[in-house]
Amino acid sequence: MAEFNANGNNNKLFTEKNAHRRLSPDHQHIRFNPLKDEWVLVSPHRMKRPWKGQVEKPQETDVPRFDPNNPLCPGATRPNGKVNPDYEKTFVFDNDFPALLEEGPPPPDSDNPLFQAAPAYGTCKVMCFHPWSDVTLPIMSHDDVHSVIDKWAEINVELGKKYDWVQIFENKGAIMGCSNPHPHCQVWASSFLPNEPAVKDRTQKAYYNKYGNPMLVDYVKQECQKKNEHWLWLVPYWAVWPYETMLLPKRHVLRIEDLNDEERNALADIMKKLLTKYDNMFETSFPYSMGWHGAPTGKRMNEDNKHWQLHALYYPPLLRSATVKKFMVGYEMLAQAQRDLTAEQAAEKLRLNIKS
Ligand code: H2U
């Protein structure tokens, strides 16, 4: 299948800059995601069809600033009897219902290729962004968002000493399975590299070995615009979710803790801007799952990881309005991901804040 237009020269990777812009915005095609080594079917003509499918409930809007019964609030007692401190910025605690534990018996060895299991150890944390339940990142102050970024970096260092992968992620909105409206994210650290980063480790390494540059650093150069000196926010060429976006440092950065203060400030700025754009898109507190991917940690910390580039991913589920979501079912489950509007159309709508 079509590969990159590579000519083998590290400094002239692509024979025609922005050739992808010549893709028809009206006709179906498949696009390659080099990070995940998979294809997405793009069918922009489907945007014309009328919507007769499921309509979701509107987002919860009347969240009280403080609810003593909300286990994420300052001073609240969690179901296990632990009392939260009266925190004023961020607050991190051990998840009371963790998916990964630090210890446990390993599964039995098996020489049968059809029945393979391996030990899995780890720890899960919950991180509250702010003491108030009625705020979200885009409406928090720049300083408070900066504190969140600093805390993300700190956790990555702390858990990265022991674990090979530290997954920082935020589920926002009930539609994304978020169980609590209080602004928070989760951190799951594991003794193993989960599937998504394992594939990205392989693809980025292969690209580096072939072209001599980190894949996403080359991608930044191709897509770069000047608005933010340190960060690039874009709908990736290979996006699957309608308004999926990626946030990339313009400099080659391996992990979140490697960001300098200027880059953290610029990140707080761009996060507030992009999340405001999301909220304005369908005039709702925009739901999404987001997370950070950077070079592995733990025993992989001292390996050669220069093929990695730090990036954040935003996967919002909405398609047409605050209440019409994209379903990843049917063809997506059985064949491959499919999207309607093109990545370029989605980017234009986000840029101009036009509803579809
Ligand atoms: P969501 O980000 O998907 O809403 O998850 C919130 C997490 O908070 C969830 O993993 C944890 C849940 O286990 N939690 C606690 O650890 N203690 C509580 O008292 C409430 C929720």
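The values are calculated or read from the model by the stated rules, or taken from the named source; none is laboratory data. Since this is a predicted model, take the numbers as computed values, not measurements. A quick note on method: Cβ atoms are made from the backbone with ideal geometry, for glycine too, and the neighbour counts reach across all protein chains shown. Note: areas computed on protein heavy atoms with side chains; ligands, DNA, RNA excluded. Shrake-Rupley method; radii C 1.70, N 1.55, O 1.52, S 1.80 Å.
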Quiz item: So what J values fall out for segment 164-176 if you push phi through Karplus, 6.51 cos²θ - 1.76 cosθ + 1.60 with θ = phi - 60°, rounded to Hz, Gly and Pro as x?
Solution: 5, 9, 10, 9, 8, 8, 10, 9, 10, x, 4, 4, 9
Exercise. Tell me the GluC sites (Glu not before Pro) within segment 234-284 that lie in a loop according to DSSP and have at most 11 other beta-carbon atoms within 10 Å.
Key: 283
Practice problem: May I ask you to give the percent of accessible area on segment 34-131 that is carbon plus sulfur, with a probe radius of 1.4 Å? | Solution: 54
Quiz prompt | Value of relative contact order over the chain, rounded to a whole percent, pairs C-alpha under 8 Å and six or more apart | solution = 21
Exercise. Please work out the average accessible area per residue across the chain, using the 1.4 Å probe convention, and give it in Å².
Key: 50
Quiz item: Is the shape of segment 128-195 best called rounded, prolate or oblate, per the rule: a/c under 1.5 gives rounded, else a/b larger than b/c gives prolate, else oblate, with a ≥ b ≥ c the square roots of the Cα gyration tensor eigenvalues?
Solution: oblate
Practice problem: First check a/c for segment 167-256, with a ≥ b ≥ c the square roots of the eigenvalues of its C-alpha gyration tensor; if it is under 1.5, answer rounded, and if not, answer prolate when a/b is larger than b/c or oblate otherwise. | Solution: oblate
Quiz item: Can you pull the percent of segment 194-344's accessible area that's carbon plus sulfur, 1.4 Å probe, other chains left in place?
Solution: 53
Quiz item: Expressed as a whole number of Å, what is the distance separating the alpha-carbon centroids of segment 254-272 and segment 155-220?
Solution: 16
